[in-house]
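The values are calculated or read from the model by the stated rules, or taken from the named source; none is laboratory data. Quantities reported herein were computed from a predicted structural model and do not represent experimental measurements. Positions of Cβ are generated from backbone atoms using ideal geometry, with glycine treated the same way; all protein chains shown enter the neighbour counts. Side chains are part of the model used for accessible areas, which takes the heavy atoms of the whole protein and leaves out ligands, DNA and RNA. Shrake-Rupley method; radii C 1.70, N 1.55, O 1.52, S 1.80 Å.
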Amino acid sequence: MKRSILSNVLAAICVLALVTSLFQAKALASDPVLVEAAKKEGKFVLYTSLPTDAAVALLTAFKEKYPFLDTSEFFRSTSYKTYSRFNIEAEAGKHIADCVSIALWHPYPEWKKKGWLMKYDSPNYKDIPKAVQDPGYFSALRAVSMVMAYNTTILSKSDIPKTWTDLLDPKWKGQIGVEGTDSGSQHMQYYLFRKVYGEDYWGKLLNNEPRIFSGQGAMFTALLRGEIKVTMHGQGYMIYRYRELEGAPIQGVWPADCVPMYAGPVALTATAPHTNAAKLFMDWILSKEGQQAMVKNVGAYSPRTDVDPAKGNPPMKSFKPVFIEDWDAFGKSTDAFKKAWEQIKR
């Protein structure tokens, strides 16, 4: 009797797996009308704050899916610089970008209000948590952790900081790397730590004379050269890229007290020159296939629950993430952030 029940259960599981497989295959199939329209456009242009090599790798993966598209033209800079460029072009009526993805959330509602975002109801919005999307207008493309990074050839296990308050120890004076005020994620970390540890946290940290770097690449290069001992703004995806893709002696610390995180959205522009190619990109990047490509080539966490984290990086359930909840208050903290960073010795 038990054998019969077990056989029935296994048979049901096999049928369910087959149905699920067929459904997923159908879901991955692109709308043929959309594909044909995109073929005629033949091009896709992305504006992003992703690192250049990560952006190229992601666009290459997209092109492998749709080889008839030219994805070679894109603009890459920091979040605030990309935000500024898109704003200037939109105000001037220049139509270059098909899609914008930066590490800031608050510009997207602003752009939607101004009519600068395309309304496109991608079927894959259903697989993204509602908290990180505005259906039809924008969705999180990636979730990024802001953690510590260190050079394993320089720091011994006993010296590795375990919490953010460990960095207030005078022994780290002149040995901590941060990014400049054009980094949206550095601004977010500044804002979140004031909420978690109090407004005096940064005053104490600045006593240790952190060093400012223009971008994650420059900061990690200094870490590899031994010019600093720890980055307090090492993003989890960059640690993955150096450790797993380049084989560098870089490791990360996802501190026990909290891990600041942000969702980097993606949206299509209302004046996209290549409208159908843009829609194909949105469908692809929000799909499981696209998100797996994002994790592999970028290294960030996926907002989808059915996509595993990058190799070697811990699952989100293993740490305490903290997010910005009040974006208006975040925007109002810009001047305080810049004034604090002005105190850092150059």
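Under 1.5 on a/c is rounded, so check that first for the stretch 26-68, then, if it is not, pick prolate when a/b is larger than b/c and oblate when it is not; a ≥ b ≥ c are the square roots of the alpha carbon gyration tensor eigenvalues.
Details: a/c = 2.59, a/b = 1.79, b/c = 1.45.
Since a/c reaches 1.5 and a/b is larger than b/c, the shape of the stretch 26-68 is classed as prolate.
Excluding residue 160 itself, calculate the net charge of residues whose Cβ lies under 12 Å from the Cβ of residue 160, where each Lys or Arg counts +1 and each Asp or Glu counts -1.
Numbers: positive: 157, 162, 229; negative: 159, 166.
Around residue 160, the charge tally is +1.
Sort the chain into rounded, prolate or oblate with this rule: let a ≥ b ≥ c be the square roots of the eigenvalues of the Cα gyration tensor; rounded if a/c is under 1.5, and if a/c is not under 1.5, prolate when a/b is larger than b/c, oblate otherwise. Please report the intermediate quantities before stating the final value.
Details: a/c = 1.97, a/b = 1.32, b/c = 1.50.
Here the chain falls in the oblate category.
Once you order the gyration tensor axes a ≥ b ≥ c over the Cα atoms, which shape class does the stretch 56-117 get: rounded for a/c under 1.5, otherwise prolate or oblate by comparing a/b with b/c? List each step's numbers first, then the result.
Details: a/c = 2.08, a/b = 1.80, b/c = 1.16.
Cα axes put the stretch 56-117 in the prolate bin.
Leaving out ligands, DNA and RNA, what percent of the accessible area of the chain is carbon and sulfur, probe 1.4 Å? Walk me through the numbers on the way to the answer.
Numbers: 8770 of 16120 Å².
For the chain, the apolar C and S fraction of the accessible surface comes to 54 percent.
Quick one: which residues, 5 or more positions from residue 142 or on another chain, have an amide H under 5 Å from its amide H? H modelled 1.01 Å from N in the peptide plane, none for Pro or chain starts.
Answer set, sorted by chain and number: 264.
Using the Kyte-Doolittle scale, find the helices of the chain whose mean hydropathy is at least 0.0 and whose Cα atoms extend 24 Å or more along the helix's long axis, counting only whole DSSP H runs.
Details: long enough: 2-28 (39 Å, 1.34).
Helices meeting the span and hydropathy rule in the chain are 2-28.
Under a 1.4 Å probe, what is the accessible area of the chain per residue, stated in Å²? Don't skip to the answer; put the middle values down first.
Details: 16120 Å² over 346 residues.
Averaged over the residues of the chain, the accessible area is 47 Å².
With n ≥ 4 as the cut-off for DSSP H runs, can you work out [θ] at 222 nm for the chain, using -39500 (n - 2.57) per run divided by the number of residues, rounded to the nearest 500? Provide the component values of the computation, followed by the final result.
On the way: 13 runs with 144 residues, N = 346.
Taking each H run of at least 4 residues, the total per residue is -12500 deg cm²/dmol.
I'm a student and want to see the number: the projected area of the Cα convex hull of the stretch 24-167, averaged over all directions, in nm². Intermediate results must be reported in sequence, preceding the final value.
Working: hull surface 50.4 nm².
Result: 12.6 nm².
HN-Hα J couplings of the stretch 171-183 from phi, Karplus 6.51/-1.76/1.60, θ = phi - 60°, integer Hz, Gly and Pro as x?
In residue order, the calculated couplings are 5, 8, 4, x, 10, 10, x, 9, 9, x, 6, 8, 8 Hz.
Got the relative contact order for the stretch 224-336 handy, in percent, Cα pairs under 8 Å and 6 or more residues apart? Before the final figure, lay out each step's value.
Numbers: 88 pairs, mean separation 34.4, N = 113.
Computed over the stretch 224-336, the figure is 30 percent.
Please work out the Cα center distance from the stretch 267-344 to the stretch 45-114, rounded to the nearest Å.
13 Å
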